[in-house]
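The values are calculated or read from the model by the stated rules, or taken from the named source; none is laboratory data. Computed from a predicted model, the values in this text were never measured in an experiment. Here the Cβ is made from the backbone with ideal geometry for all residues, glycine too, and neighbour counts use every protein chain on show. Surface areas here come from the heavy atoms of the whole protein model, side chains and all, with no ligands, DNA or RNA. Shrake-Rupley method; radii C 1.70, N 1.55, O 1.52, S 1.80 Å.
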Amino acid sequence: INFIYYTVKPFDVVINEVMADPDPVFNSLPNSEYVELYNRTPFAINLNNWKFSVGNNTKILPDVTILPDSFIVFTSTTAAPNYPASCNVVGVSSFPALTNTGQTLTLATPQNQIISTISYTDVWYQDEVKKDGGWSLEQIYPNNPCAGINNWQASTNNNGGTPGSKNSVFALNPDN
């Protein structure tokens, strides 16, 4: 029997994409806010009872597992069925509202260990047109999660975002 015990560390799972202002909707994306997480490890990580906070509003995540080198998208329970079947999406009851101009997002374990946090602003879009809505913020390089504005920009995907898949702006952007 193979047994693997892995203790999660900060930045093993990162906040990787944020759709704070879905309106106007482009092509096939649902008209809903979402946050995408990316598991950077070679291990499956169970998110049961993890905490996702938007400012001071904290939600407990359900019993879901994010596979190695994979994505999971969190949105409202009413919006979740509107995503394609190929998207690993989970509805969260009373999903917290994301402010269009900026917010602090935090992902923490049940023991309150912070795993990922960002404090985005609409300046991170780096595009005056796209910051007015319909485009997600995407992390450029998930292995450089502390770079702030230097590692985020508006999606370049024609749908306005890439929930559940590799970001359209993905590029090497190492922490030097």
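Just a few scattered comments:
- Note on residue 67 and residue 170: with the Förster distance fixed at 25 Å, the Cβ-Cβ geometry gives a FRET efficiency of about 0.85.
- In this simple spin-label model, placing a label point 7 Å from the Cα along the Cα-to-Cβ direction at both residue 31 and residue 158 gives a separation of 2.2 nm.
- Taking all protein chains into account, the per residue accessible area for segment 101-176 stands at 47 Å² (1.4 Å probe).
- The chain - percent of accessible surface contributed by carbon and sulfur, probe 1.4 Å: 50 percent
- Total formal charge among the other residues, if their Cβ is under 12 angstrom from that of residue 23, Lys/Arg +1 and Asp/Glu -1: -3
- Electrostatic tally near residue 68: other residues with Cβ closer than 11 Å to its Cβ, Lys and Arg +1, Asp and Glu -1, net -1.
- Note on residue 149 and residue 1: with the Förster distance fixed at 45 Å, the Cβ-Cβ geometry gives a FRET efficiency of about 0.45.
- Here segment 149-176 and segment 53-102 have alpha carbon centers that stand 18 Å from each other.
- Packing-based ranking, highest mean first, of 166-172, 104-110, 139-145 given that Cβ atoms within 10 Å are counted: 139-145, 104-110, 166-172
- Hydrodynamic radius by Kirkwood, which averages 1/r over all alpha carbon pairs of segment 44-111, in angstrom: 12.8 Å
- For segment 1-90, the convex hull drawn through the C-alpha positions has a volume of 122 cubic angstrom per residue.
- Label selected from [x] 44, 37, 33; [y] 45, 28, 24; [z] 53, 42, 32, the criterion being Cα extents along the principal axes in Å as computed here: [z]
- Separation in nanometres of the label points that stand 7 Å from Cα toward Cβ, at residue 23 and residue 49: 3.8 nm
- Divided by 2.2 N^0.38 Å, where N counts the residues, the Cα radius of gyration of segment 1-51 comes to 1.59.
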